[in-house]
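S.K.: Quick one: structure below, then a few questions.
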Amino acid sequence: MKVLIVGSGGREHAIAWSVAKSPKVDKIYCAPGNAGISEYAECVPIGAMEFEKLADFAEKNAVDLTVIGMDDPLVGGVVDVFESRGLKVFGPRKNAAILEGSKAFSKDLMKKYHIPTAAYENFSDAEKALKYLREQAKFPIVLKADGLALGKGVLICNNLKEAEEGVKEIMEDKKFGSAGNTMVIEEFMTGREVSVLSFVDGKTIRTMTSAQDHKRALDGDQGLNTGGMGTFSPSPFYTEEIDKFCQKYIYQPTVDAMAAEGRPFTGIIFFGLMLTAEGPKVLEYNARFGDPEAQVVLPRMKTDIVEVMEACIEGRLDEMELEFEDNAAVCVVLASEGYPVKYEKGIPMYGFENFKGKDGYYCFHAGTKFQDGQIVTNGGRVLGITAKGKDLKEARKNAYEATEWIQFSNKYMRHDIGKAIDEA
């Protein structure tokens, strides 16, 4: 088979690594890809939002399967373009990708189908949002830009002053662009956060092993929200009992709700959960693999990813069982100093050879490119350093050791990824 992967981040590198393991695959392309992905795939200079060009490429090169890694093209309708041309593609159609594309839609869906989530109100008028905050809100409270905002459009406000500033930022100053045309005001939930990724074929769902992301830029969960500074898998807080509850009241009901709305979902649903005192509730949905969750979940997956994706597209996921290794993985993101605000790019990096032939150690590229034959930084989140271990403590030790194998002048990371496992 020939496979095309669309995207350029650490998630797409993890997908490419996973696809390359499949005996069914003999050629991988990635558009646009990055320096690390080029080890497994031929990178082609087509942007993720250039739908017709991507479909032309797939046709011309007789690509058997296209995998969409990123949220923007999914929400924009890339799958519909491929399907209209008879091309096999993995990911939800535009009318299903709205599950991630609009937080207001997903909150209304959960309310209608009684899927546990935080209480909320949707606003498309800043004045009405401010009136609600001044007269009815309990603090702390959460403000969310409705649309896609690179994982950064969520503000936790401790008091009215912060909330008023948040409304200005999202709805008036349009810090997150048109994503802030509508805003969700949501009750603040407390508890452990857990991410559960799943494969879906429109009716059947198969969940993967659990993970936990660290969104804040600085140690101790301080600083700004980022796209994720590290993850671990599995979550020791995600018990069998919680899994049973979620399968019954969250996972299958979400798939059934989308089908009932005439928006059957095929692809990946990422469930962001909060384990509250009243039980698990949905924080958010994503319509694709999480980044960096994919970097800890996929290295532990034993099942052939290409077979699972084909089963989803063909509506026979009920025939598949997913298998995962009985171990753990931790990913520490190496970022550029100053991320997520301001940082330098184009800085040379060294030490990639240290990962060669090291079983259970992975260096997933997120923001890298080749410049004059040298790998240089090309983003805020640069690399995801993942290591496996017999348990989370060993995986964490291994991952932090491996972060020392790579050098670049403005390298920055958190030093407490997976620290919560000490409390488990």
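The values are calculated or read from the model by the stated rules, or taken from the named source; none is laboratory data. Remember, it's a predicted structure, so these values are computed and weren't measured experimentally. Please note: Cβ atoms are built from the backbone with ideal geometry, for glycine as well, and neighbour counts cover all protein chains shown. When the accessible area is computed, the model is the full protein with side chains, heavy atoms only, and any ligands, DNA or RNA have been set aside. Shrake-Rupley method; radii C 1.70, N 1.55, O 1.52, S 1.80 Å.
S.K.: Would you tally the residues in the stretch 300-320 being in a helix (DSSP H, G or I) and open to solvent by less than 60 Å² (accessible area, probe 1.4 Å)? Give the derivation first.
M.R.: Going through the stretch 300-320, the residues in a helix (DSSP H, G or I) turn out to be 300, 305-313, 317-319.
Add one more test, that the residue is open to solvent by less than 60 Å² (accessible area, probe 1.4 Å), and what stays is 300, 305-306, 308-313, 317.
Count: 10.
S.K.: Could you please find all residues in the stretch 1-36 being more than 15 Å from MET70 (Cα to Cα), under 19 Å from the mean Cα position of the chain (by Cα) and either among the β-branched types (Val, Ile, Thr) or outside any helix (DSSP H, G or I) (or both)? Step through it out loud before you land on a result.
M.R.: Initial filter on the stretch 1-36 (more than 15 Å from MET70 (Cα to Cα)): 1-3, 17-29, 35-36.
Subset that is under 19 Å from the mean Cα position of the chain (by Cα): 17-19, 36.
VAL19, GLY36, listed by residue number.
S.K.: Right, next: Report, ordered by the first and then the second residue, all pairs with beta carbons closer than 7 Å, sequence separation of six or more or different chains, a first member in the stretch 379-401 that is farther than 22 Å from LEU150 by Cβ and touching a residue at least 60 places away in the same chain (Cβ under 8 Å), and a second member that is surrounded by fewer than 24 Cβ atoms within 10 Å (Cβ to Cβ) and of a type in the set (S, T, N, Q).
M.R.: LYS388/ASN327; GLY389/ASN327; GLY389/ASN398; LYS390/ASN327
S.K.: OK, next. Just to verify a result, which residue in the stretch 142-159, among those that are farther than 22 Å from ARG288 by Cβ and touching a helix residue (DSSP H, G or I) at 6+ places or on another chain (Cβ under 6 Å), is modelled with the lowest pLDDT? Before the answer, list the steps.
M.R.: Of the stretch 142-159, the ones farther than 22 Å from ARG288 by Cβ are 142-143, 155-159.
If we keep only those that are touching a helix residue (DSSP H, G or I) at 6+ places or on another chain (Cβ under 6 Å) too, we end up with 143, 155, 157.
On the way: LEU143: 93, LEU155: 87, CYS157: 92.
Checked the stretch 142-159; the qualifying residue modelled with the lowest pLDDT is LEU155.
S.K.: Right, something else. Return the residues of the stretch 156-172 that are within 16 Å of LYS131 (Cα to Cα) and part of a strand (DSSP E or B); say none if nothing qualifies.
M.R.: Across the stretch 156-172, the qualifying residue is only CYS157.
S.K.: In the list THR231, THR207, which residue meets the criterion of being open to solvent by 20 Å² or more (accessible area, probe 1.4 Å), of a type in the set (Val, Ile, Thr) and part of a strand (DSSP E or B)?
M.R.: Values: THR231 fails: open to solvent by 20 Å² or more (accessible area, probe 1.4 Å).
None of the other options fit; the residue is THR207.
S.K.: Across the stretch 45-66, what is the number of residues that are open to solvent by 10 Å² or more (accessible area, probe 1.4 Å) and not in a helix (DSSP H, G or I)?
M.R.: The first filter runs over the stretch 45-66 and keeps only residues open to solvent by 10 Å² or more (accessible area, probe 1.4 Å), leaving 45-53, 56-57, 59-64.
Now restrict to residues that are not in a helix (DSSP H, G or I): 45-50, 61-64.
Final tally of qualifying residues: 10.
S.K.: Also, quick follow-up: Within the stretch 9-17, does at least one residue satisfy the condition of being in contact with a Leu (Cβ under 6 Å, 6 or more places away or on another chain) and either crowded, with 20+ Cβ neighbours inside 10 Å or at pLDDT 95 or above (or both)?
M.R.: Checked the stretch 9-17: at least one residue is in contact with a Leu (Cβ under 6 Å, 6 or more places away or on another chain) and either crowded, with 20+ Cβ neighbours inside 10 Å or at pLDDT 95 or above (or both).
S.K.: In the stretch 266-320, what count of residues is obtained for those that are within 22 Å of ALA104 (Cα to Cα), among the hydrophobic types (A, V, I, L, M, F, W, C) and within 17 Å of the chain's Cα centre (by Cα)? Even if it seems obvious, please write down each step before you answer.
M.R.: Kept after step one, since they are within 22 Å of ALA104 (Cα to Cα), are these residues of the stretch 266-320: 266-276, 280-290.
Right, trim to among the hydrophobic types (A, V, I, L, M, F, W, C) and you get 268-271, 273-275, 282-283, 287, 289.
Right, trim to within 17 Å of the chain's Cα centre (by Cα) and you get 268-271, 273-274, 282-283, 287, 289.
Number of matching residues: 10.
S.K.: Between a first residue in the stretch 351-378 that is within 28 Å of GLU394 (Cβ to Cβ) and open to solvent by less than 80 Å² (accessible area, probe 1.4 Å) and a second residue that is part of a helix (DSSP H, G or I) and of a type in the set (Gly, Ala, Ser), which pairs have beta carbons less than 7 Å apart while being 6 or more apart in sequence or on different chains?
M.R.: Listed by first residue and then by second, the contacts come to TYR361/ALA402; PHE364/GLY10; PHE364/ALA14; HIS365/GLY10; ALA366/GLY10.
S.K.: Here are some conditions: (1) in contact (Cβ under 8 Å) with a residue 12 or more places away in the chain; (2) assigned to a loop (DSSP other than H, G, I, E, B); (3) farther than 28 Å from ALA149 by Cα. GLY290 meets all but one. Which one does it not meet?
M.R.: Against the list (1) in contact (Cβ under 8 Å) with a residue 12 or more places away in the chain; (2) assigned to a loop (DSSP other than H, G, I, E, B); (3) farther than 28 Å from ALA149 by Cα, GLY290 comes up short only on (3).
S.K.: Determine which single condition LYS175 fails, assuming it passes every other condition in (1) free of Cβ contacts under 8 Å to residues at least 60 places away in the same chain; (2) outside any loop (DSSP other than H, G, I, E, B).
M.R.: Evaluating LYS175 over (1) free of Cβ contacts under 8 Å to residues at least 60 places away in the same chain; (2) outside any loop (DSSP other than H, G, I, E, B) leaves (2) as the failure.
S.K.: Which condition breaks for GLU193 when tested against (1) over 24 Å from LYS281 (Cβ atoms); (2) charged (D, E, K, R); (3) within 24 Å of the chain's Cα centre (by Cα)?
M.R.: Among (1) over 24 Å from LYS281 (Cβ atoms); (2) charged (D, E, K, R); (3) within 24 Å of the chain's Cα centre (by Cα), the lone unmet condition for GLU193 is (1).
S.K.: Could you list all residues from the stretch 67-102 that are more than 15 Å from ILE269 (Cβ to Cβ), within 19 Å of the chain's Cα centre (by Cα) and assigned to a helix (DSSP H, G or I)?
M.R.: Scanning the stretch 67-102 gives ASP72, PRO73, GLY76, VAL78, LYS94.
S.K.: Taking the condition of being in contact with a Ser or Thr (Cβ under 7 Å, 6 or more places away or on another chain), open to solvent by 20 Å² or more (accessible area, probe 1.4 Å) and of a type in the set (A, V, I, L, M, F, W, C), how many residues in the stretch 77-122 meet it?
M.R.: Total meeting the criteria: 1.
S.K.: OK, next. If LEU150 passes every condition in (1) part of a loop (DSSP other than H, G, I, E, B); (2) over 22 Å from MET274 (Cα atoms); (3) of a type in the set (A, V, I, L, M) but one, which one does it miss?
M.R.: If we test LEU150 against (1) part of a loop (DSSP other than H, G, I, E, B); (2) over 22 Å from MET274 (Cα atoms); (3) of a type in the set (A, V, I, L, M), just (2) comes out false.
S.K.: Just to verify a result, which residue in the stretch 379-393, among those that are among the charged types (D, E, K, R) and more than 15 Å from SER336 (Cβ to Cβ), is most open to solvent (accessible area, probe 1.4 Å)? Steps first, please.
M.R.: In the first step, residues of the stretch 379-393 are kept if they are among the charged types (D, E, K, R); the result is 381, 388, 390-391, 393.
Of the ones still in play, those that are also more than 15 Å from SER336 (Cβ to Cβ) are 388, 390-391, 393.
Working: LYS388: 37, LYS390: 144, ASP391: 65, LYS393: 125 Å².
The selected residue is LYS390.
S.K.: Within the stretch 172-196, which residues are among the hydrophobic types (A, V, I, L, M, F, W, C) and at pLDDT 90 or above? Break it down stepwise before answering.
M.R.: Of the residues in the stretch 172-196, the ones among the hydrophobic types (A, V, I, L, M, F, W, C) are 176, 179, 183-185, 188-189, 194, 196.
Across the stretch 172-196, the qualifying residues are MET183, VAL184, ILE185, PHE188, MET189, VAL194, VAL196.
S.K.: Report, ordered by the first and then the second residue, all pairs with beta carbons closer than 7 Å, sequence separation of six or more or different chains, a first member in the stretch 147-166 that is within 29 Å of GLY76 (Cβ to Cβ), and a second member that is at pLDDT below 90 and in a helix (DSSP H, G or I).
M.R.: Hits for this filter: GLY147/SER178; GLY147/ALA179; LEU148/ALA179; ALA149/ALA179; GLY153/ALA179.
S.K.: Further, regarding this structure: Of all residues being open to solvent by 10 Å² or more (accessible area, probe 1.4 Å) and acidic (Asp, Glu) in the stretch 160-200, which is nearest to PHE232 (Cα to Cα)? Just the residue, please.
M.R.: Per the criteria, the residue is GLU193.
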